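To start, the structure under review is shown below, and the notes come after it.
The values are calculated or read from the model by the stated rules, or taken from the named source; none is laboratory data. What you see is a predicted model, and the numbers here were worked out from it, not measured in a lab. Glycine also receives a Cβ, built like all others from the backbone with ideal geometry; neighbour counts cover every protein chain displayed. These area figures cover heavy atoms from the full protein model, side chains too; ligands, DNA and RNA do not enter into them. Shrake-Rupley method; radii C 1.70, N 1.55, O 1.52, S 1.80 Å.
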Amino acid sequence: MTIEPPRTPAAPRKSKKAEAQQRGAKPGGRGPRLSYDDWIDGALTLLAQEGPTAVRIPRLCEALGVTKGSFYWHFDDIGQLENAMADRWSANQAVVIANVATVESMPIEQRLEAMATMLVERDWLVEATVREWSRTHPSVETAVRELDKRIFDTIRTALSELGFDPEAARLRAGAMVYLGIGFIHGRGSLPIPAQNEVRAVLSLLLTQ
């Protein structure tokens, strides 16, 4: 009777990311050219410039001047990168919300002035593209919704403190928020208002 030698257990299947990391770790080999944050920043830039459909591995590698192996050093697939992009944008919006919270502690006149400045100085190209992207990415949609609600609540509270009744404060706060959203999507085809023009529009909504 022939006794077969014991079989060597099959090695566990490695992810593309792990395989790329192993290749990059060989003696004398070169590591990844870009960091994890570089990839996310590059993907967000590409998203803003060319839209959600451009965020694909070949196009991203072309834009960044690297190979697919460099991509798989950090990510298993494009979905993992998209989740990282959503997390990064959400973290950036947390900073915006923190700034809104700071505005809430200001005197009313300064508060509205500060919010007018925030309206003008935000990165509108990224903002518009991310809002479009949020239609197909639930975590980004949640971040957009939470930010809009926080801004709406802050404006409504300020208007109530200015003496508007609850219904008037709600309607005017909604008008201001929609004004900001329209400002985002209309920048490519409409004249861009200066900060003093934004203040003038706000003063119309603040007239009793």
- Meets criteria (touching a residue at least 12 places away in the same chain (Cβ under 8 Å) and surrounded by fewer than 18 Cβ atoms within 10 Å (Cβ to Cβ)) for SER139: yes
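Filter region 149-208 for residues that are among the β-branched types (Val, Ile, Thr) and in contact with a Phe, Trp or Tyr (Cβ under 6 Å, 6 or more places away or on another chain); which is most open to solvent (accessible area, probe 1.4 Å)? Break it down stepwise before answering.
From region 149-208, those among the β-branched types (Val, Ile, Thr) are 151, 154-155, 157, 177, 181, 184, 192, 198, 201, 207; that's our starting set.
Keeping just the survivors that are in contact with a Phe, Trp or Tyr (Cβ under 6 Å, 6 or more places away or on another chain) gives 177, 184.
On the way: VAL177: 26, ILE184: 10 Å².
Per the stated criteria, the residue is VAL177.
Taking the criterion of being more than 16 Å from the chain's Cα centre (by Cα), open to solvent by less than 80 Å² (accessible area, probe 1.4 Å) and closer than 19 Å to SER139 by Cα, would at least one residue in region 64-75 satisfy it? First the steps, then the outcome.
Narrowing region 64-75 to residues more than 16 Å from the chain's Cα centre (by Cα): 64-75.
Cutting the leftovers down to open to solvent by less than 80 Å² (accessible area, probe 1.4 Å) gives us 64-66, 69-75.
If we keep only those that are closer than 19 Å to SER139 by Cα as well, we get 75.
Within region 64-75 (the criterion being more than 16 Å from the chain's Cα centre (by Cα), open to solvent by less than 80 Å² (accessible area, probe 1.4 Å) and closer than 19 Å to SER139 by Cα), the answer is yes, since at least one residue qualifies.
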- Message: Going residue by residue through region 108-125, is there one that turns out to be open to solvent by 40 Å² or more (accessible area, probe 1.4 Å) and at pLDDT 80 or above?
- Response: no
